[in-house]
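Peer 1: Let me begin by handing over the structure; questions about it come next.
The values are calculated or read from the model by the stated rules, or taken from the named source; none is laboratory data. Quick caveat, the model's predicted, so the values are computed rather than measured. Cβ placement follows ideal geometry from the backbone for every residue including glycine, while neighbour counts extend to all protein chains displayed. Surface areas here come from the heavy atoms of the whole protein model, side chains and all, with no ligands, DNA or RNA. Shrake-Rupley method; radii C 1.70, N 1.55, O 1.52, S 1.80 Å.
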Amino acid sequence: MGSEFFNDFIVERFKALNTSELILNETFRKIVTCEIGEDDTIKILIEKLPAKKDEISLAYEILKGLQTPKVQNTAEKKKQLWNQLKTAEKSSQLFQHLAASLLILFIIVTVFYLSQTSTTIEDVTFSNEIDSNEITLILASGEQFILNKKPYKIKHHSDGSFFYAGNKSKFRSATVKNVFYQMIVPYGKRSDLLLSDGTKVWLNSGSRLIYPPAFEGKFREVFLEGEAFFEVAKDLEKPFYVKTDAFRLRVYGTRFDVRAYKKTNDFTTSLVEGKISLTPNQRLLAKEVFLLPNQKAISSTDHKTFKINEVHDLENMYSWVDGYLSFDNESISKVIQNISHYYNVPIGIKIRNNDLKITGKLELKDEVERVISGLMLLTKTKYLKDNNKFLIYQ
Amino acid sequence: MKLTKLASYNILWEDYIKKGSEKALSIIYLDFYDHLFNYGLKHTKNREVIEDSIQNIFSYFLKVRKNLGPVNNLFGYLLKSYRNQLFHELAKHNKFISTEEFSDSDFEYFRSQEQNIIDQEENHIIKSSIQKSISLLPSKQQEIIYLRFDCGFSYPDISVILNISVESCHKTIYRAIRTIREDVKIKIRL
């Protein structure tokens, strides 16, 4: 391209142009950005058109000045990002296949662990996160019951069998010994069950209870992750224990609420009636801490001690048992926080007036959106939904 | 990027959409990544959004290959897709993060810090004068000028990418160049 012919051609074209026209000229722009011509094309141009020297060099400087520095990512980084993209794509194609085989694997692992004769609660709790979308009862055999049709009743018997009564079907399971069952309740759902000793347990959203279908041995013991309300049947011979990741709770016949959410590091126990004691897991020789009715014990962040508080609105704390959240002159942000926690859904707030107080009961519907839209109607706010996130605004 | 080369990317694109050649798409990805990245930097400081948006459009291309059609100007097509995705991601951020950090989705021709440090270069008067003149323009006009002079897009391409008429491209660029030239001339005389 760097021929005499080309040079003559551009000289002829540019000789009548002023600075602006040069800048706007496509050929001139390409010469400046080195898309056409040679490195010295501009120089030659100025030599051949000395009268236009100022205009050409100004046009050149302006076009140069309009170029901005570019960030260059390394080839390795780009290749890595591309590979990530490909892998993600492949895995999404394989996802269903994989999910099926993972489920089988999970069942095999569970069966393997549960079939060990010396199974303890600790052996069972190792297993995975709460990832089911439905309330699920997992038997020692690995068999899973999806409990998505309400209402239903689950009642355990002292021989290790349980009775299920749903809308359409009823059955009684086989008797088993020395095993553990798990009930898993995903976010936004609740469930309850009757243990073999007559103890009633209500499980709140995002919880897991591990328990033996029949209590054998010298004491009764269950493991809890999440929140549950207990009405423990009296049995002076066999003390009842609730274990969590932070503490062990001993029951002396009573009604109480336990919260053991790992995600938010919320380990709190509130006593409604009777007598219970708590012992932190962290310290081997720790003393029992006793709780009186209308008191709550909050586990310290390191789970070594407890802070005991009096509670005045105890009923509000476990109103979820009856299927609603109860608020007494609570700020809207606190209410939203509760809903967000219950359904495990991020909810943002952009509200100028945070003095908005709410008193009353909020029904816990299955769909978080129905709860939010109801609340919005009351408080005259609006909400946006995006990708399962919500934003509340005025 | 040279135009001659740009045309060959259109062929690579056809190789991908018609024959499913992932190799072809990977070349496009690797070669255009920096261009999209730099374009993103003009819109926001949030590099996470910039990178996620690139991943998302290519992930889309991988998913819906059979629904994709041939294009006249691949760079323009990529930029337009990327621009939409970027705005989508930024809107998501703005919705849920109330801090001001992400609210600057406006186009800025000379955004990053290093671009403002024009040290002892001899032509620094001209450069700083250009930057000043451009920064005073509305962000949409800055973007038009950027696509024309920094990326080298034609007027029809720009009108497609930004959904505006070819005439308004012409007008904007003509006026902007006149202003820049006048401002520079004043600066040089001083």
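Peer 1: Which FRET efficiency value, to the nearest 0.05, is calculated for B:Arg178 and A:Thr301 with the Förster distance at 51 angstrom and r the Cβ-Cβ distance? Please list the in-between numbers first.
Peer 2: Working: r = 65 Å, r/R0 = 1.28.
Computed FRET efficiency for B:Arg178 and A:Thr301: 0.20.
Peer 1: For the stretch A:214-261, which GluC sites (Glu not before Pro) are in a loop by DSSP, counting at most 11 other Cβ atoms within 10 Å?
Peer 2: Numbers: sites: A:Glu216, A:Glu221, A:Glu225, A:Glu227, A:Glu231, A:Glu237; in loops: A:Glu216, A:Glu237.
Taking the stretch A:214-261 and a limit of 11 other Cβ atoms within 10 Å, the loop GluC sites (Glu not before Pro) found are A:Glu237.
Peer 1: If you count, for every residue in A:80-86, the Cβ atoms of partner chains within 10 Å of its Cβ, what is the mean?
Peer 2: Going residue by residue through A:80-86 and averaging, the value is 5.
Peer 1: Between A:Ala51 and A:Gln394, what length in nm is gained on full extension when 0.36 nm per residue of separation is reduced by their alpha carbon distance?
Peer 2: Values: separation 343, 0.36 × 343 = 123.48 nm, distance 6.62 nm.
Computed gain between A:Ala51 and A:Gln394 is 116.9 nm.
Peer 1: Can you pull the one-decimal nm distance between simple spin-label points at A:Arg250 and B:Tyr60, each 7 Å off the Cα toward Cβ?
Peer 2: About 6.3 nm, to one decimal.
Peer 1: Evaluate the distance, in nm, between pseudo-label points positioned 7 Å from the Cα of A:Arg172 and of A:Asn309 along their respective Cα→Cβ axes.
Peer 2: Reported label-point gap for A:Arg172 and A:Asn309 is 4.7 nm.
Peer 1: Once you put a point 7 Å from the Cα of A:Lys380 and another 7 Å from the Cα of B:Lys185, both along the Cβ direction, what distance in nm separates them?
Peer 2: Label-label distance for A:Lys380 and B:Lys185, simple model: 6.0 nm.
Peer 1: Also, quick follow-up: Which FRET efficiency value, to the nearest 0.05, do you get for A:Lys153 and A:Glu288 by plugging their Cβ-Cβ distance into 1/(1 + (r/R0)^6) with R0 = 41 Å?
Peer 2: Approximately 0.75, to the nearest 0.05.
Peer 1: Nearest 500 deg cm²/dmol is fine: what mean residue ellipticity at 222 nm does chain A get from its DSSP H runs of n ≥ 4 alone, each adding -39,500 (n - 2.57), divided by its residue count?
Peer 2: Details: 10 runs with 118 residues, N = 394.
Mean residue ellipticity at 222 nm (helix-derived): -9500 deg cm²/dmol.
Peer 1: How many partner chain Cβ atoms sit within 10 Å of a residue's Cβ in peptide A:52-65, on average, as a whole number?
Peer 2: On the way: counts 0, 0, 2, 1, 0, 2, 5, 2, 2, 8, 11, 3, 4, 15.
Average neighbour count from other chains, rounded to a whole number: 4.
Peer 1: Just to verify a number: what accessible area does B:Val166 come out at with the full protein assembly present, 1.4 Å probe, Å² rounded to tens?
Peer 2: Probe radius 1.4 Å; accessible area of B:Val166 about 50 Å².
Peer 1: Let me ask another. By how many nm would the segment from A:Glu216 to A:Lys365 lengthen if fully extended, with 0.36 nm per residue of separation less the alpha-carbon distance?
Peer 2: Details: separation 149, 0.36 × 149 = 53.64 nm, distance 3.77 nm.
Value of the extension gain: 49.9 nm.
Peer 1: So how much accessible area does A:Glu26 have, in Å² to the nearest 10, using a 1.4 Å probe?
Peer 2: Rounded to the nearest 10, that gives 70 Å².
Peer 1: Find how much the distance from A:Asp235 to A:Lys30 grows on full extension, using 0.36 nm per residue of separation minus their present alpha carbon separation; answer in nm with one decimal.
Peer 2: Between A:Asp235 and A:Lys30, full extension yields 64.7 nm more.
Peer 1: Obtain the radius of gyration and the Kirkwood radius of the stretch A:198-320 from its C-alpha atoms and give Rg over Rh. It would help to have the intermediate numbers written out before the result.
Peer 2: Working: Rg = 13.3 Å, Rh = 14.4 Å.
Taking Rg over the Kirkwood Rh, I get 0.93.
Peer 1: Give the distance, in whole Å, between the Cα centre of the stretch A:218-278 and the Cα centre of the stretch B:43-63.
Peer 2: 48
Peer 1: Now a separate question. Provide the packing ranking of B:56-64, A:154-162, i.e. peptides ordered by the mean count of other C-beta atoms within 10 Å per residue, highest first.
Peer 2: On the way: B:56-64: 16.9, A:154-162: 18.4.
Those peptides, ordered most packed to least, come out A:154-162, B:56-64.
Peer 1: Dipole magnitude of the protein assembly as shown about its Cα centre, charges +1 at Lys/Arg Cβ and -1 at Asp/Glu Cβ only, in debye to the nearest 20? Kindly include the intermediate steps, with their values, before the conclusion.
Peer 2: Details: 82 positive and 73 negative charges, 214 e Å.
Computed charge dipole of the protein assembly as shown: roughly 1020 debye.
Peer 1: Next up: For B:Cys169, A:Cys34, what's the largest-to-smallest order of accessible area, 1.4 Å probe? Spell out each step's value before the answer.
Peer 2: Numbers: B:Cys169 0, A:Cys34 65 Å².
If we order B:Cys169, A:Cys34 from most to least accessible, we get A:Cys34, B:Cys169.
Peer 1: How much solvent-accessible surface does A:Asp40 expose, in Å² to the nearest 10, with a 1.4 Å probe and all protein chains in place?
Peer 2: 70
Peer 1: When the Cα centres of the stretch A:63-91 and the stretch A:315-377 are compared, how far apart do they sit, in Å?
Peer 2: If we compute the Cα centre of each part, the gap is 44 Å.
Peer 1: Each residue of the stretch A:266-280 in order: what ³J(HN,Hα) in whole Hz does its phi give by Karplus 6.51 cos²θ - 1.76 cosθ + 1.60, θ = phi - 60°, with x for Gly and Pro?
Peer 2: Karplus-based 3J(HN,Hα) across the stretch A:266-280 equals 9, 10, 9, 10, 10, 9, 9, 8, x, 8, 9, 9, 10, 9, x Hz.
Peer 1: Here's something else I'd like to know. Per residue of A:383-391, count partner chain C-beta atoms within 10 Å of its C-beta, then hand back the mean as an integer. Each step should come with its number before you reach the end.
Peer 2: On the way: counts 0, 2, 0, 4, 3, 0, 3, 2, 4.
The per-residue average across the peptide is 2.
Peer 1: For chain A, what is the per residue volume of the convex hull drawn over the alpha-carbon atoms, in cubic angstrom?
Peer 2: Values: hull volume 102.7 nm³, N = 394.
Dividing the Cα hull volume of chain A by its residue count gives 261 Å³.
Peer 1: Something else now. Rank by packing, highest mean first: peptides A:306-312, A:64-70, with packing defined as the count of other Cβ atoms within 10 Å averaged across residues. Walk me through the intermediate numbers first.
Peer 2: Numbers: A:306-312: 13.3, A:64-70: 16.0.
Going from most to least packed, we get A:64-70, A:306-312.
Peer 1: Still on this structure, I have one more. Restricting to bridges with both residues inside the protein assembly as shown, how much of the DSSP beta-bridge set is antiparallel, in percent to the nearest 5?
Peer 2: On the way: 76 of 85 bridges.
Antiparallel bridges make up about 90 percent of those DSSP assigns within the protein assembly as shown.
Peer 1: In degrees from 0 to 90, rounded to the nearest 10, what is the angle of the helix A:368-379 Cα long axis to the longest principal axis of chain A?
Peer 2: Between the helix axis and the principal axis of chain A, the angle is about 80 degrees.
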